[in-house]
1. Considering only SER86, SER57, SER42, give the residue with the highest GNM mean-square fluctuation for the chain, with springs between Cα atoms whenever their separation is below 10 Å.
2. Expressed in nm to one decimal, what extension gain is obtained for the pair ARG10 and ARG128 from 0.36 nm per residue of sequence separation less their Cα-Cα distance?
3. Which ³J(HN,Hα) values, rounded to whole Hz and listed in residue order, are derived for segment 48-61 from phi using the Karplus coefficients 6.51, -1.76 and 1.60 in 6.51 cos²θ - 1.76 cosθ + 1.60 with θ = phi - 60°, glycine and proline given as x?
4. For segment 86-184, what is the Kirkwood estimate of the hydrodynamic radius, computed as the reciprocal of the mean inverse distance between distinct Cα atoms, to one decimal in Å?
5. If each DSSP helix of 4+ residues adds -39,500 (n - 2.57) and the sum is divided by the residues in the chain, what number results at 222 nm, nearest 500 deg cm²/dmol?
6. Once you compute Rg and the Kirkwood Rh from C-alpha atoms, what is the Rg to Rh ratio for segment 14-163?
7. For segment 74-184, with only Lys/Arg (+1) and Asp/Glu (-1) charged at the beta-carbon, what is the dipole magnitude about the Cα centre, in debye rounded to 20?
8. Taking segment 13-80, which GluC sites (Glu not before Pro) meet the DSSP loop condition and have no more than 15 other C-beta atoms within 10 Å?
Amino acid sequence: MAATPPEGLRIRRMEPGDYVGVARTMGAPRALAGTLQLPLPSLEYWRERLAKVDTESCSIVAEVPLAPNGHDIVANLALHPTNLHSLRRRHVAAIGMSVRDDWQGRGVGSALLATAIDRADNWMGILRIELTVFADNEAAIALYRRHGFVVEGTHRAYALRDGVYIDALAMARLHPRPPTLPPA
Ligand SMILES: CC(C)(COP(=O)(O)OP(=O)(O)OC[C@H]1O[C@@H](n2cnc3c(N)ncnc32)[C@H](O)[C@@H]1OP(=O)(O)O)[C@@H](O)C(=O)NCCC(=O)NCCS
């Protein structure tokens, strides 16, 4: 059975002011191992990156209540068109996501991914969501499978990670019930 999301978990659109929380998530060891981030991350890089408003993408964060009355960003996800210049790939989007190390395995990733899939399926006209995941990232592969993604192939020696070239899997999910036009 899927983990129940933490009490008070809130998923909302990413805002420029979220850069500190996003940098903290992306700079943690497991996020480094599972993504293409580099060690010794730069806060300024994330400030600049989040400052650019990208209206074509769906960038979201998950936050939990922080006593006494604040919120703590614990995960982020970006769903973005793969190629804005090709009309023939307008139905395709790619996903990248990370949950902060101390919040993994508590249902946050699943809640975030479900939100992005709803957005893609029901609001953006996306028929295919694709992603790349390191072949040894069992948690991520299981999460994606649970949400309908299948493995399409292997990229050999896809990226360098701590001195070792790592394979990656290409995964994708096709819309299970593509929207249809109303009857004439
Ligand atoms: C991969 C990641 C996003 C999963 O998020 P999460 O919040 O830990 O996942 P959840 O707690 O929502 O778990 C959802 C599902 O993922 C799978 N899963 C999660 N952790 C797992 C683990 N350690 N081993 C195997 N499966 C795991 C399970 O299928 C789980 O469903 P279940 O609880 O019903 O069994 C998170 O571990 C992460 O951010 N890792 C570092 C960055 C990264 O690798 N990003 C993905 C790049 S492609």
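The values are calculated or read from the model by the stated rules, or taken from the named source; none is laboratory data. Computed from a predicted structure; not experimentally measured. As a convention, Cβ positions derive from the backbone with ideal geometry for all residues, glycine included, and neighbour counts pool all protein chains shown. Calculation scope for accessible area: heavy atoms of the full protein, side chains included, ligands and nucleic acids excluded. Shrake-Rupley method; radii C 1.70, N 1.55, O 1.52, S 1.80 Å.
1. Most flexible of the set in this elastic network: SER86.
2. 39.9 nm
3. These are the phi-based 3J(HN,Hα) values: 5, 5, 6, 5, 7, 7, 10, 6, 7, 9, 10, 9, 10, 10 Hz.
4. 15.0
5. Details: 5 runs with 47 residues, N = 184.
It comes out at -7500 deg cm²/dmol, rounded to the nearest 500.
6. The Rg/Rh ratio comes out at 0.95.
7. About 460 debye.
8. Counting only loop positions with at most 15 other Cβ atoms within 10 Å, the GluC sites (Glu not before Pro) in segment 13-80 are GLU56.
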